[in-house]
Amino acid sequence: MKLTVLGNYGSFPGMDGACSGYLIQDSNKKILIDCGNGTISRLQRYCRIEDLDMVILSHLHFDHISDIFPLKYAIETKASIGQNLNKIKLYLPENPKEIYNEICNGNVFHSKPVTDGLEIDEGSLRITFARVPHLIESYAIIIKSGKKKLVYSGDTAYSDEIVKAAEGASLFICESTLLDKTGGARLTHHMSAGAAGRVASLADVEKLMLTHFWYEEKKEDYLIEARKYFNNVLIAEQYKTYYV
Ligand SMILES: [Zn+2]
């Protein structure tokens, strides 16, 4: 599997940054995980929107979905000028209902609601969804290719659910919204870098990749905090491709 980080900010992008978006490539399949603000522009460095097989939204907060709307406009515009594309498969939670409806109306995507435990196959990939606690319906995404297991936390509280989802991951991409020392320890719907390190240790993952950063914090501080609990940690760097 090939993972390219398109955006690594949570809530608000830092200067020249983008919010959550990860391109997964395996064999000839291309899957976009989350579609935060700034990601669709960056995606085009790696593939055309026509080449996307699937988009998965972990949950419907705007820093994870904003660019799905311009993507929809692009597909609608192409259809209006006679460029009818294969419909992109879109998996997303059904709630909040009004946001789900806004994304799915017009039948631009081949949309399917996500449920806890849902398993789908795309090429050689097996993708499983695990519900995790957050302010709204939210899912961790588990992607297996042969013996490799990539787990993306989505947005989640520190919980048994995320430990279970991450279990034995080759690569665990985990949200670390804040640092414990600057408010992260009090988070109830998100995780700190320290919490991400603790989950990685409990779940016995091979490698932890931190992401979903607050733009005013230094990335090195996230690493330092997570390493108190787990050694093999790296930062999800924008525009960088990783092999799993
Ligand atoms: Zn969220």
Next item on the list: Identify the single condition in (1) touching a residue at least 60 places away in the same chain (Cβ under 8 Å); (2) away from the ligand (no atom under 16 Å from the Cβ) that Ser111 does not satisfy, given that it satisfies every other one.
Entry: (1)
Note to self: Going by what's in this entry, would Ser138 be described as touching a residue at least 24 places away in the same chain (Cβ under 8 Å), touching a helix residue (DSSP H, G or I) at 6+ places or on another chain (Cβ under 8 Å) and within 14 Å of the ligand (Cβ to nearest atom)?
What the structure shows: no
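Enumerate the strands (runs of 3 or more DSSP E) found wholly within the stretch 1-78, keeping only those where 3 or more residues are closer than 22 Å to Ile99 by Cβ and at pLDDT 95 or above. Give the derivation first.
Values: elements: 2-7, 21-26, 29-33, 54-56.
Result: 29-33, 54-56.
Among the candidates Val151, Val163, which residue alone is under 24 Å from Leu23 (Cα atoms), of a type in the set (Val, Ile, Thr), touching a helix residue (DSSP H, G or I) at 6+ places or on another chain (Cβ under 8 Å) and surrounded by 24 or more Cβ atoms within 10 Å (Cβ to Cβ)? Walk me through how you get there before you give the answer.
On the way: Val163 fails: surrounded by 24 or more Cβ atoms within 10 Å (Cβ to Cβ).
Of Val151, Val163, the one residue that is under 24 Å from Leu23 (Cα atoms), of a type in the set (Val, Ile, Thr), touching a helix residue (DSSP H, G or I) at 6+ places or on another chain (Cβ under 8 Å) and surrounded by 24 or more Cβ atoms within 10 Å (Cβ to Cβ) is Val151.
Quickly run through the stretch 83-97 and pick out the residues that are closer than 11 Å to Leu52 by Cβ, part of a loop (DSSP other than H, G, I, E, B) and not basic (Lys, Arg). Lay out the reasoning, then the answer.
Step one: filter the stretch 83-97 for residues closer than 11 Å to Leu52 by Cβ, giving 85-90.
Subset that is part of a loop (DSSP other than H, G, I, E, B): 85-88.
Listed by number, the residues that qualify are Leu85, Asn86, Ile88.
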Next item on the list: For the stretch 183-191, indicate whether the set of residues that are at pLDDT 95 or above and among the hydroxyl-bearing types (Ser, Thr, Tyr) is non-empty.
Entry: no
Next item on the list: Could you list, in sequence order, all residues of the stretch 166-192 that are closer than 21 Å to Thr4 by Cα, small (Gly, Ala, Ser) and touching a helix residue (DSSP H, G or I) at 6+ places or on another chain (Cβ under 7 Å)?
Entry: Ala166, Ser176
Next item on the list: Would you mind finding the one in Met1, Met15 that is of a type in the set (A, V, I, L, M, F, W, C) and farther than 25 Å from Val132 by Cβ?
Entry: Met15
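Determine whether Lys219 is among the basic types (Lys, Arg), at pLDDT 95 or above, more than 16 Å from the ligand (Cβ to nearest atom) and under 17 Å from the mean Cα position of the chain (by Cα). Walk me through it before giving the result.
Details: among the basic types (Lys, Arg): yes; at pLDDT 95 or above: yes; more than 16 Å from the ligand (Cβ to nearest atom): yes; under 17 Å from the mean Cα position of the chain (by Cα): no.
Criteria not met by Lys219.
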Note to self: Can you list the helices (runs of 4 or more DSSP H) lying wholly within the stretch 157-244 that have 1 or more residues being under 29 Å from Gln44 (Cβ atoms)?
What the structure shows: 219-226
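Evaluate the following for Lys78: is it on the phi < 0 side of the Ramachandran plot, exposed (fewer than 15 other Cβ atoms within 10 Å of the Cβ) and out of contact with any Cys (no Cβ under 6 Å at 6 or more places or on another chain)?
Values: on the phi < 0 side of the Ramachandran plot: yes; exposed (fewer than 15 other Cβ atoms within 10 Å of the Cβ): yes; out of contact with any Cys (no Cβ under 6 Å at 6 or more places or on another chain): yes.
Yes, satisfied.
The values are calculated or read from the model by the stated rules, or taken from the named source; none is laboratory data. None of the values given here were measured: they were computed from a predicted structure. Positions of Cβ are generated from backbone atoms using ideal geometry, with glycine treated the same way; all protein chains shown enter the neighbour counts.
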